[in-house]
Structure formats: structure tokens, C-alpha cells
Amino acid sequence: MPDSTLNTTRTSWKLPAKLSPIAFAFFMSGIMAFLMCLVITATNRGLSDGYLSAVLEAYRLAMPVAFVCVMAVRPVVVRLVKLTVKS
């Protein structure tokens, strides 16, 4: 199979560049919400039986909330970065 055929197949699933801010917000919120759920659940309940199911239950609410918050706060953060970083 020619190399060009493989490259087309590999990149066909990618999102258009204009959706980069949304993809960033999705991955950032997903990872941060999961890490925070791990830490907060361990702090509140300890690492006892049912820890992982409690983390996943918390994550079901935390991930969508985090995604909306990242999307809402993003313009403010972009502006703050422009004000504080030399270009």
C-alpha cells in the first residue's frame, strides 16, 4: 500500500483546525475533572471500598460542568495571557 494512502486513512478522523479551542477545552476539562475527582473523593472518603465507583459517579457531574466552565472562561484567560506575556 502506498504511503499516501496510509496518511489519508490516519488523518481522516481529525477535526478541522477551527475546532481546536473546543477540542482543547474537552480534553483539558476531562483530564482536570478526573484528577480533581480522584483527589477530592480520596480526601472526603479515603481510599476505601467503593472508591473508584464514587470517583466515577462524581466525574459524571464534574466533566460536563468543567467543560462548560472552560469554554466560558477561555476568552478571559486568552485576554489575561495577552496582557501578561510579551508578544
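The values are calculated or read from the model by the stated rules, or taken from the named source; none is laboratory data. Keep in mind that this is a model prediction, so the values were computed, not measured. Glycine also receives a Cβ, built like all others from the backbone with ideal geometry; neighbour counts cover every protein chain displayed. Surface accessibility is based on the protein's heavy atoms, side chains included, excluding ligands, DNA and RNA. Shrake-Rupley method; radii C 1.70, N 1.55, O 1.52, S 1.80 Å.
For the chain, the Cβ-based charge dipole about the Cα centre amounts to some 500 debye (Lys, Arg positive; Asp, Glu negative; other atoms uncharged). Along segment 38-50 the Karplus relation, 6.51 cos²θ - 1.76 cosθ + 1.60 evaluated at θ = phi - 60°, assigns HN-Hα couplings of 4, 5, 5, 5, 5, 5, 7, 10, x, 9, 8, 4, x Hz to successive residues, with x for each Gly and Pro. For segment 18-85, with the dipole built from +1 on Lys and Arg beta-carbon atoms and -1 on Asp and Glu ones, taken about the Cα centre, which of I40, M28, T84 lies farthest toward the positive end? The residue sitting most towards the positive pole is T84. The phi torsions of segment 73-87, fed into the Karplus equation with coefficients 6.51, -1.76 and 1.60 and a -60° offset, translate into couplings of 7, 3, x, 5, 5, 4, 5, 4, 5, 4, 6, 10, 10, 5, 10 Hz, rounded to whole numbers, with Gly and Pro shown as x. What the phi angles of segment 61-66 give under the Karplus curve with 6.51, -1.76 and 1.60, with θ = phi - 60°, is a coupling list of 8, 5, 5, x, 5, 4 Hz, glycine and proline written as x. Considering only protein heavy atoms and a probe of 1.4 Å, how much of the accessible area of segment 18-85 is carbon and sulfur, as a whole percent? About 76 percent, which is the carbon plus sulfur part of the accessible surface.
Please label the shape of the chain as rounded, prolate or oblate, based on the square roots a ≥ b ≥ c of the eigenvalues of the alpha-carbon gyration tensor (a/c under 1.5 means rounded; beyond that, a/b larger than b/c means prolate, else oblate).
On the way: a/c = 3.02, a/b = 1.35, b/c = 2.24.
Oblate is the answer for the chain, as a/c is 1.5 or above yet b/c matches or exceeds a/b.
Accessible area per residue for the chain is 81 Å², calculated with a 1.4 Å probe on protein heavy atoms, without ligands, DNA or RNA.
The simple spin-label model puts a point 7 Å past each Cα toward its Cβ; for V65 and L19 those points are separated by 2.7 nm.
Extension gain, V77 to V39, is 11.2 nm, computed as 0.36 nm per intervening residue step minus the present C-alpha separation.
Any idea what the relative contact order of the chain is, in percent, if you count C-alpha pairs under 8 Å spaced at least 6 apart?
Numbers: 31 pairs, mean separation 28.2, N = 87.
Relative CO of the chain lands at 32 percent.
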